Amino acid sequence: MKIKLFGLLVALSLVLSACGGAVTENVSATESAGATESASGAGGGGTVVFIISEEPPGLNRYLADAAISYQVADASVIGLANANDKGEYEARLAESLPEISDDHKTVTWKLRSGLKWSDGEPLTSDDMRFTWEVISNPNSGAFNATEGFALIESMDTPDDVTAVLHYSEPYVGYVSQFSAALLPRHATGKPEEMTTWAWNTNPVAAGPFIVSDWRSGESITMQRNPFYYEEGKPYLDTLIFRIAPEPAAQTALMISGEGQVHLWPSEEKVDYDALMNGKAEQVLVPGIWNMSLDFNLSKPGDDDPSASASHPILGDIRVRQAISHAINYDTLINDVFNGQITSSTSPFAYGWYKCEIPRMYNFDVEKAKQLLTDAGWVEGPDGIRVAEDGTRLSLEMQGYTGYEPLERVEQFVAENLKAVGVEANIINYDYSIIFGSYADGSPRKTSDFDMLIFDRGYNLEPQGEVENSYLSTNIPTADNPDGGNYLRWVNPEADAAIAKAGGTFDQAVRQQAYCELGKLIQEDAVQNYMFLWQDGYGFSTDLTGYVVSTWGSMTWDVQNWKYK
């Protein structure tokens with residue numbers, strides 16, 4: 001199933017022929033010339049073209065759950081502090097990391113002096129207060145990076161650079177809480193109208209670049225922010241995020257020199273580097289993107305997103321266990337991806353909270369078949385199992401579009417499941433649907449799915465996301481649309497482990513609690529973690545100054561980039 005170099009060259013030649021030469025749709029001649037000209041600019045100015053597979057729905061980090069949004073937004077929208085490539089928090093808009101009181105309930109942030117928004121207006125502690133007001137508003141629509149905001153009882157802003165936060169109880173994720181973005185009071189709108197703000201696609205921001213042009217379905221252009229706080233930065237003048245859905249077209253753009261950065265190439269490094277012939281190379285770094293097959297424990301399609309009614313097939317743990325036993329993990333890792341991915345068994349597979357949890361349901365076809373037989377599923381005339389009432393053991397497996405390696409995983413898993421009598425029908429949605437909101441009718445939010453297959457990752461501080469993903473009180477419903485427990489999993493022991501991890505600042509105790517949770521997830525077979533991706537990016541060899549980070553997007557340090 002590996003992409004062969006010869007086959008890819010044929011595909012690229014077909015793409016180039018169809019376009020009459022180099023693939024040039026969506027980027028003007030001026031933009032292409034700017035990219036080429038900048039390659040000899042000795043690090044001063046210039047344009048960089050990023051090749052991305054899909055258009056982000058917006059750049060508001062509080063409304064976006066799809067990773068594609070971060071890849072673009074982080075060039076423009078920044079917060080108080082972020083994790084660096086070493087896994088340490090470092091101040092951005094803040095002067096330094098915050099001070100915390102002895103009882104861990106008062107946190108004091110100091111902003112850098114003289115900060116300005118990209119329109120030249122002062123950036124002050126009142127904007128931090130406004131950010132809290134927006135995210136805490138139950139009607140704002142915010143659902144991402146919002147953890148812990150409800151614990152902030154009040155905020156004092158004694159001067160323009162100081163914000164004192166008073167928490168109702170200690171919150172272990174206080175350092176990362178405002179890392180997604182600060183929101184400008186003067187340039188946004190009413191908190192309850194955040195989902196319709198014009199700011200979401202044209203933000204007045206504080207990062208190194210600002211949006212100057214957005215051509216839907218084609219490209220997003222950013223220019224340097226003249227009020228960026230780091231003197232002399234950014235070094236580049238212009239960023240263009242060019243949308244090219246087809247993998248072959250993406251690679252062709254890099255070969256032709258029309259692109260300088262390639263997000264998530266579908267080729268393995270050895271093939272990609274050979275294709276680029278010295279013009280670019282693929283840079284890999286251990287990733288946080290953890291691939292899992294997720295099971296819906298509740299009945300889909302009944303207009304009841306709660307956990308009150310059990311899934312007619314997956315509600316039986318023996319079926320979930322059988323599916324997990326049916327997957328040949330070693331072949332997936334070593335043959336399908338030639339060892340370019342690493343095994344994973346839980347959400348806690350990296351970072352300071354990493355847990356060494358043995359795989360409970362190893363590849364065992366006979367065990368899988370026996371479990372299905374015990375559960376009342378017998379082999380039908382075409383090999384797919386049926387129940388006594390004639391119900392076919394057929395399940396939808398939903399993923400996302402635009403990433404060929406995921407399609408390889410889906411096909412492999414479907415073939416493995418078919419071998420034990422389970423029919424897995426692959427249905428892929430674009431990011432805006434599968435990672436959409438409850439109001440948008442996203443299947444995972446409304447419980448309209450059987451199985452999901454996609455990768456997700458926790459940041460350096462995972463507690464808020466863990467609470468949202470697994471607490472029994474966080475099942476998405478009309479009354480709790482921001483809930484992230486779309487598995488509809490209810491387990492008091494899991495709730496207790498999560499509370500234990502969030503109830504102390506002792507990292508060793510927290511790590512132990514996360515490992516307890518990881519074991520429960522596996523024991524109850526509510527998710528089947530398979531492997532970790534490596535993050536891969538194609539970079540022009542004329543580009544310098546970038547650092548690829550496990551903990552950051554492709555643009556997390558774009559203010560430091562230069563040409564040779």
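Throughout, read-outs are computed from the coordinates displayed, never taken from laboratory work. None of these values were measured; they are calculated from a predicted model. Heads up, the Cβs are rebuilt from the backbone with ideal geometry, glycines too, and the neighbour counts pull from every protein chain shown.
Observations on the model:
- Over segment 288-534, relative contact order from alpha-carbon pairs under 8 Å, at least 6 apart, %: 33
- Bridge orientation summary for the chain: considering DSSP beta bridges with both residues in this region, about 75 percent are antiparallel.
- Put the Cα centre of segment 355-408 next to the Cα centre of segment 77-114 and the gap is 46 Å.
- Estimated Rh, segment 288-534: Kirkwood, alpha-carbon pairs, angstrom: 18.4
- Net charge over other residues, Cβ less than 11 angstrom from the Cβ of I220 (K, R count +1; D, E count -1): -1
- Stokes-Einstein D (µm²/s) once Rh is taken as the Kirkwood radius of segment 98-183 over alpha-carbon pairs, at 10 °C in 1.306 mPa s: 119
- Count Lys and Arg as plus one, Asp and Glu as minus one, and take only other residues whose Cβ is under 10 Å from that of Q282; the net charge is then -4.
- Between K233 and Y429, full extension at 0.36 nm per residue minus the direct alpha carbon distance yields a gain of 66.7 nm.
- Distance between the C-alpha centres of segment 294-322 and segment 142-171: 37 Å, rounded to the whole angstrom.
- Among the listed pairs K116/K233; K367/K418; K190/K233; K110/K354; K233/K564, a Cα-Cα separation exceeding 21 Å is found for K190/K233; K110/K354.
- When only Cα pairs below 8 angstrom with a gap of at least 6 residues are kept, the chain shows a relative contact order of 21 percent.
- Pair D213, D156: separation of 7 Å Cα→Cβ label points (nm): 5.0
- Checking every one of the trypsin sites (Lys or Arg not before Pro) in segment 79-187 against DSSP loop status and a limit of 13 other Cβ atoms within 10 Å picks out K86.
- Reciprocal mean inverse distance between Cα atoms of the chain - Kirkwood radius, Å: 24.8
- For W109, the shell of other residues with beta-carbons less than 10 Å away shows a net charge of -1, using +1 for Lys and Arg and -1 for Asp and Glu.
- Label-zone membership for segment 149-179, site E121, 7 angstrom Cα→C-beta point, backbone N under 17 Å: 160-161
- Extension gain, K418 to V378, is 13.1 nm, computed as 0.36 nm per intervening residue step minus the present C-alpha separation.
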